[in-house]
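Chemist: Handing you this structure, nothing more for now.
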Amino acid sequence: MSTEKKAVLDDMRILKTGVCQSLSGRSTLTYDIGVKNGNDVYFRLVANSGTGIFNKDWVALAEIETLLAAEGKPITSGRLKGLAVGKSSNTPGFIFAVLVNEGLVAVSKDNLRHFERLDSSGFLAGIKKLVESDGSQSLAVAAKETKAKTPKAK
């Protein structure tokens, strides 16, 4: 494990474990939302009930927002390809499903294959409330709970 990845893990506080449908609706995804340094928000895919593999590394919300803010092209899951270079091609779509579930993006009214960024203030207010609460989990506890909650593929 690289020193940089280990540093992210050592300082990460898991605030929430969530479950959502993939964009295709063919599988259920489990993910964590964590915070580092009290306000740097991260996402991590944890499980997929289907057969698609994915990258389990933490991804910074700031990095996602930078990729989504790129000008010119419509917003699609392909915009997030830079998050998992040389890793799973499923990761961008799965992260997009998480962003939809958390209310950060929504399917475009004009084109069902494109997305629109939404106001993130409600999401960030919820994160702030979780940060201020004492409901954090350690990585070890979160891993056990996630395994217990993850639906099995049929």
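Chemist: What's the number of the only condition in (1) outside any loop (DSSP other than H, G, I, E, B); (2) of a type in the set (A, V, I, L, M); (3) surrounded by fewer than 14 Cβ atoms within 10 Å (Cβ to Cβ) that Ala47 fails to meet?
Modeler: For Ala47, the exception is condition (3).
Chemist: Given the stretch 71-154, what helices (runs of 4 or more DSSP H) lie entirely inside it while holding 1 or more residues that are of a type outside the set (A, V, I, L, M, F, W, C) and modelled with pLDDT of 75 or more?
Modeler: Answer list for the stretch 71-154: 91-101, 121-132.
Chemist: List pairs: first residue in the stretch 36-55 and farther than 21 Å from Val100 by Cβ, second residue modelled with pLDDT of 90 or more and hydrophobic (A, V, I, L, M, F, W, C) anywhere in the structure, Cβ distance under 6 angstrom, at least six positions apart or on different chains.
Modeler: Lys36/Met12
Chemist: A further question on this structure: Can you find a residue in the stretch 23-33 that is in contact with a helix residue (DSSP H, G or I) (Cβ under 9 Å, 6 or more places away or on another chain), modelled with pLDDT under 85, among the small types (Gly, Ala, Ser) and within 21 Å of Arg117 (Cα to Cα)?
Modeler: No, the stretch 23-33 contains no residue that is in contact with a helix residue (DSSP H, G or I) (Cβ under 9 Å, 6 or more places away or on another chain), modelled with pLDDT under 85, among the small types (Gly, Ala, Ser) and within 21 Å of Arg117 (Cα to Cα).
Chemist: Please pick out the residue among Gly38, Gly34 that is surrounded by fewer than 18 Cβ atoms within 10 Å (Cβ to Cβ), within 25 Å of Val131 (Cα to Cα) and not polar (S, T, N, Q).
Modeler: Only one candidate passes the filter, namely Gly38.
Chemist: Checking the structure you have, find out if any residue of the stretch 3-18 is at pLDDT below 95, part of a helix (DSSP H, G or I) and of a type in the set (Gly, Ala, Ser).
Modeler: Looking for residues that are at pLDDT below 95, part of a helix (DSSP H, G or I) and of a type in the set (Gly, Ala, Ser), one finds at least one in the stretch 3-18, hence yes.
Chemist: Which count do you get for residues in the stretch 108-135 that are touching a strand residue (DSSP E or B) at 6+ places or on another chain (Cβ under 6 Å) and either closer than 19 Å to Gly34 by Cα or without any contact (Cβ under 8 Å) to a residue 12 or more places away in the chain (or both)?
Modeler: 3
The values are calculated or read from the model by the stated rules, or taken from the named source; none is laboratory data. The model shown is predicted, which means the values in this text are computed figures rather than measured ones. Neighbour counts run over all protein chains shown; Cβ positions are idealised from the backbone, glycine included.
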